[in-house]
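Here's the structure, in structure tokens; my notes come after.
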Amino acid sequence: MNYLSLTPEELKIEKEKAEREYRTHCTRGLSLDLSRGKPAADQLALSMPMLTEQADEFRAEAGTDCRNYGILEGLPEMRRLFSEITGIPAANILACGNASLNLMYDSVARAMLYGVVGSPRPWGREETVKFLCPVPGYDRHFRICESLGIDMISVEMNENGPDMDTVEELVKDPAVKGIWCVPKYSNPSGITYSDDVVTRLAAMETAAPDFRIFWDNAYVIHDLYNETDPLADIFALCKQHGHEDRVFYFTSTSKVTFPGAGVAMMAASDANLKQILPILGTQTIGFDKLNQLRHVRFLKNAENTAAIMRGHAACIRPKFEAMLDILEKELGELGIAKWTKPNGGYFISLDLPNGCAKRVYELAKAAGVTLTPAGATYPYGRDVRDHNLRLAPTFAKLNEIQDATAVLCCAVRLAAAEKLLSDRA
Ligand SMILES: Cc1ncc(COP(=O)(O)O)c(C=O)c1O
């Protein structure tokens, strides 16, 4: 059955069926949450040896006493580990504090205050500063721009990444200074940028001489399956195309070890680091080296880290698959919903008929299922089509995911039937 080909009478019957089912869900007293993109307790348990087995470690490999001040760039062995994971030379990597979001905020704020290499003046002294925001995207990126007074321009994502024809057109405006990218297992669509998209981002000509790509590779090693989605090396490609200062690269161990208590990194060209380090050194004497030491001793190398990530995948893959199975079973043939089937990351993106996302959010909430608010995946929280929802299957227990997804599907059927009926009235 496809809702789009039903007569109004048939649609009405489907709506009444969904309403009856919905009322039953509402009597169950559910309290479930599909909004939180964080690891569950079984995943956090994987990293407990890091805390329990190394309580009195404090010397780094060069003999550095990590209990004391020093080494602004971070421990060499931690930078090396990030280098193994990302393929970027260790010399271009800073191992920093507990959160990459913090580094991203600081990088934008620093550009506003001081400019970046190649800036005619600090961004904050420009009349307007604009960022390109591939959508659906990560709400916290958008909040950084909103908070610092940067105008945001949405660019649609397709299955290869941001629509590059649009991006290449928009960067002809010298006020466009940056783009947010979550290139692998994107938040929320789960897609990975194609080689062509990465190459075009690295190669394109921009009117702003100080244009920056904010490359948030938060899900760099977060595969659900043994196969990984390949991602081209933006760092090498920017250099190859004569734009080596263009990329600011970020990732962290938030979803490898402990979110909020991991290690974050930033990578940038030599010239960028030369500009950034004195400012960073004004902000802090150094980051938490004890935490970096714990991490590098626990994670050891890229290969061992990959083994830990397979442990995470074993915890969350059944949850993703359960959610996808129910979506397929409940909505697969109805013609009213499309969703992504990611090979990694933390999210599934659900597209509904225009005008249905807020209604589904409200229906789910009233039945005891919390979703990420409709609109959150768009700049300013405004999804003009009101059609996208982000689903986060990692945190809840498997049976909760199943219950919550069933409620969600019922809400989608009800909202879509209501909308189609009202459109035809
Ligand atoms: C795309 C993306 N970037 C960054 C973060 C936060 O990373 P961190 O904990 O390193 O600040 C998240 C967390 O959900 C994320 O989805």
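Tabulated data for the structure shown
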| quantity | calculated |
| --- | --- |
| Cα gyration tensor, the stretch 168-326 - rounded (a/c under 1.5), prolate or oblate | oblate |
| Computed FRET value (nearest 0.05) for Arg121 with Ala62, which takes r as the C-beta separation and R₀ as 35 Å | 0.30 |
| With Cα atoms, 0 to 90° folded angle of helix 289-299 axis to the chain main axis | 60 degrees |
| Gaussian network model of the chain, Cα within-10 Å springs - most flexible of Lys17, Lys130, Lys177 | Lys17 |
| Neighbourhood charge, 15 Å Cβ-Cβ cut-off, centred on Ala202 and excluding it, Lys, Arg +1 and Asp, Glu -1 | -3 |
| Loop sites in the stretch 337-425: chymotrypsin sites (Phe, Trp or Tyr not before Pro), DSSP, at most 15 other Cβ within 10 Å | none |
| Proximal lysines relative to Lys319, as straight alpha-carbon distance under 25 Å, when same-chain residues fewer than 8 apart are discounted | Lys38, Lys184, Lys255, Lys329, Lys338, Lys341, Lys358, Lys365, Lys397 |
| Partner aspartates and glutamates for Lys177 [C-alpha distance under 15 Å; skip if fewer than 8 residues away on the same chain] | Glu126, Glu127, Glu146, Asp151, Glu168, Glu169, Glu205, Asp210, Asp245 |
| Rounded to 5, the percent of DSSP beta bridges in the stretch 60-305 classed as antiparallel | 35 percent |
| Cross-link partners of Lys12 among aspartates and glutamates (Cα-Cα below 17 Å; sequence separation of 8 or more within a chain) | Glu21, Glu418, Asp423 |
| Cα lying deepest toward the dipole's positive end in the stretch 12-119, options Ala40, Ala62, Gly29, charges on Cβ | Gly29 |
| Degrees between helix 8-26 axis and first principal axis of the chain (Cα, 0 to 90, nearest 10) | 60 degrees |
| Within the chain, longest stretch clear of exposed GluC sites (Glu not before Pro) (DSSP loop, no more than 16 other Cβ within 10 Å) | 228-332 |
| Over the stretch 304-425, volume per residue of the alpha carbon convex hull, in Å³ | 104 Å³ |
| List Ser269, Ser194, Ser31, Ser147, ordered by accessible area with a 1.4 Å probe, largest first | Ser31, Ser147, Ser194, Ser269 |
| Choice from Tyr69, Tyr378, Tyr185 with maximal GNM fluctuation in the chain (Cα, 10 Å cutoff) | Tyr69 |
| Sites matching trypsin sites (Lys or Arg not before Pro) across the stretch 348-393 that sit in DSSP coil, with at most 14 neighbouring C-beta atoms within 10 Å | Arg382, Arg385 |
| Förster radius 35 Å - calculated FRET efficiency between Ala306 and Ser31, Cβ distance, rounded to 0.05 | 0.45 |
| Shape parameters for the stretch 305-366, alpha-carbon atoms, Rg then Dmax in Å | 14.4, 43 |
| Nearest-ten-degree value, helix 398-424 long axis tilted from longest Cα axis of the chain | 60 degrees |
| Percentage relative contact order, the chain, counting C-alpha pairs under 8 Å, at least six apart | 26 percent |
| The stretch 91-141 shape via C-alpha gyration tensor axes, a/c threshold 1.5 | oblate |
| Ala95 long-range amide H proximity, modeled H, under 5 Å | Gly74 |
| Loop-located trypsin sites (Lys or Arg not before Pro) in the stretch 180-272 whose Cβ has at most 11 other Cβ within 10 Å (DSSP) | none |
| Largest-first principal axis extents, alpha carbons of the stretch 60-305, Å | 51, 43, 32 |
| Cα-Cα separations in the chain greater than 31 Å, expressed as whole percent | 43 percent |
| Rel. contact order, % - alpha carbon contacts under 8 angstrom, at least six apart, the stretch 60-305 | 26 percent |
| Kirkwood-based Rg to Rh ratio, the stretch 277-335, C-alpha trace | 1.35 |
| Simple Cβ-charge dipole of the stretch 60-305, Lys/Arg +1 and Asp/Glu -1, about Cα centre, in debye nearest 20 | 1020 debye |
| Stretch gain in nm, segment Glu328-Gln402, where the contour uses 0.36 nm per residue and the Cα spacing is subtracted | 25.4 nm |
| Whether the stretch 331-396 is rounded, prolate or oblate, judged on the alpha carbon gyration tensor where a/c under 1.5 counts as rounded | rounded |
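The values are calculated or read from the model by the stated rules, or taken from the named source; none is laboratory data. If you're wondering where the values come from, they're calculated on a predicted model, not measured in any experiment. Note: ideal-geometry Cβ built from the backbone for every residue, glycine included; neighbour counts use all protein chains shown. The area values use the complete protein model at the heavy-atom level, side chains included, leaving out ligands, DNA and RNA. Shrake-Rupley method; radii C 1.70, N 1.55, O 1.52, S 1.80 Å.
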